[in-house]
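The values are calculated or read from the model by the stated rules, or taken from the named source; none is laboratory data. Because the structure is predicted, anything quoted here is derived from the model rather than measured. Cβ sites come from the backbone with ideal geometry, for glycine too, and all protein chains shown count toward neighbours.
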Amino acid sequence: MLSRVADTTYWMSRYLERVENYARFMDVNFNLSLELHPDVSEQWKPLVQTTGDWELYESLHGEVDKKKVIYFLGFDSNNANSIFSCIRNARENARAIRPEITKDVWEKVNGLYYKVKDGIEKKVWEKKDPRKFFIEVKESCQLLAGIYDSTISRTEGWHFGKLGQLIERADKTSRVLDVKYHMLLPDVKSVGTPTDLVQWSALLKSVSAYDMYRKKYGKLNPSSICEFLIFDKNFPRAIMNCVEHAHESLQVVSDKDDEQLNKADKQMGIFKAHLEYTDVAEVLNQGLHEFLDDTQIKLNNISTAIYETFFSSENILSQQSHAQ
């Protein structure tokens, strides 16, 4: 498979996964803001911090304001990670690999792009309740993911797409959990209070995990929530589940006989083993923030290794010289 096509497929899927995550975060956070006291900074600043774009937001918009946050995360073209920027990039990537995807996938990506553009024209961020828009974006992404899985052959292209989706998903789960644990509570006295439980509930909903968590554990408990979102092998947004399936796809596209081409596979395998031989008690003793920060570093390193292994021009030239 051409490295250019693999790279484009990988990033198309990452961008689409990011769009869905942002749309879900916005919907859940808006609901949360209605249930708790109206401290705008406390409710909306953590949402920007979840995405890792707080410094950019502060430089562009200054003080925390609900409408400004919704605009920044949803529609701001100056934010490379906004829903609009991501769906625009996903659409351009989809256009570049149009022969590799189905008509159904292309039409859904294209339709989602125009839905978001319509949201800009209608200034959704100015509305009193913009949840309907973000729910529609989230559901469009979920429908698109289903169409992609049900209409694309399980070739290398599909596996590169899954790699992008799953690495992005694991990263966002780790970020949401990290922000809740360290930033949302005003002080340790709030632990176990109704406010604390509402926030943990919102966290689970922000990664669509509330129902499956309650089915497995029943009561809301911070330790159990951490265990579920990090180590559960059956829940599709748990970090462990994402890493396991990403490793499976990486093994399919890796050349086991080439040391360089096996670099990304090795890093993913080491990270998977690290998760398998760690439990939630060790994580909490070590420090949840430290563990999640290390997880994000490892995911970034794996993504870099994937680029160097499959997509970089140096590697393409190396492959060509070996083939001659």
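Structure values in brief
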{"item": "Residue count for the stretch 212-247, restricted to those that are among the hydroxyl-bearing types (Ser, Thr, Tyr), touching a Ser or Thr at 6+ places or on another chain (Cβ under 8 Å) and either closer than 23 Å to residue 159 by Cα or in contact (Cβ under 8 Å) with a residue 12 or more places away in the chain (or both)", "result": "1"}
{"item": "Residues of the stretch 274-303 classified as within 22 Å of residue 50 (Cβ to Cβ) and of a type outside the set (A, V, I, L, M, F, W, C), total", "result": "12"}
{"item": "Check on residue 169, within 18 Å of the chain's Cα centre (by Cα), basic (Lys, Arg), surrounded by fewer than 20 Cβ atoms within 10 Å (Cβ to Cβ) and not in a loop (DSSP other than H, G, I, E, B)", "result": "no"}
{"item": "Helices (runs of 4 or more DSSP H) wholly inside the stretch 193-304 that include at least 2 residues being surrounded by 14 or more Cβ atoms within 10 Å (Cβ to Cβ) and of a type in the set (S, T, N, Q)", "result": "194-206, 239-253"}
{"item": "Hits in the stretch 70-85 - residues which are of a type outside the set (Asp, Glu) and either closer than 13 Å to residue 124 by Cβ or buried (at least 23 other Cβ atoms within 10 Å of the Cβ) (or both)", "result": "70, 71, 72, 73, 74, 75, 82, 83, 84"}
{"item": "Only listed residue being within 30 Å of residue 106 (Cβ to Cβ) and free of Cβ contacts under 8 Å to residues at least 12 places away in the same chain, chosen from 13, 82, 77", "result": "77"}
{"item": "Filter result for the condition that a residue is of a type outside the set (A, V, I, L, M, F, W, C), under 21 Å from residue 43 (Cβ atoms) and at pLDDT 95 or above, over 128, 138, 162", "result": "138"}
{"item": "The stretch 90-132 - residue that is part of a loop (DSSP other than H, G, I, E, B) and among the hydrophobic types (A, V, I, L, M, F, W, C) and, of those, surrounded by the most Cβ atoms within 10 Å (Cβ to Cβ)", "result": "101"}
{"item": "Members of the stretch 50-69 that are surrounded by 14 or more Cβ atoms within 10 Å (Cβ to Cβ) and part of a helix (DSSP H, G or I)", "result": "50, 51, 54, 56, 57, 60, 61, 66, 67, 68, 69"}
{"item": "Single condition residue 154 does not satisfy, out of (1) outside any helix (DSSP H, G or I); (2) within 16 Å of the chain's Cα centre (by Cα); (3) charged (D, E, K, R)", "result": "(2)"}
{"item": "Boolean, residue 87 is part of a helix (DSSP H, G or I) and more than 15 Å from the chain's Cα centre (by Cα)", "result": "no"}
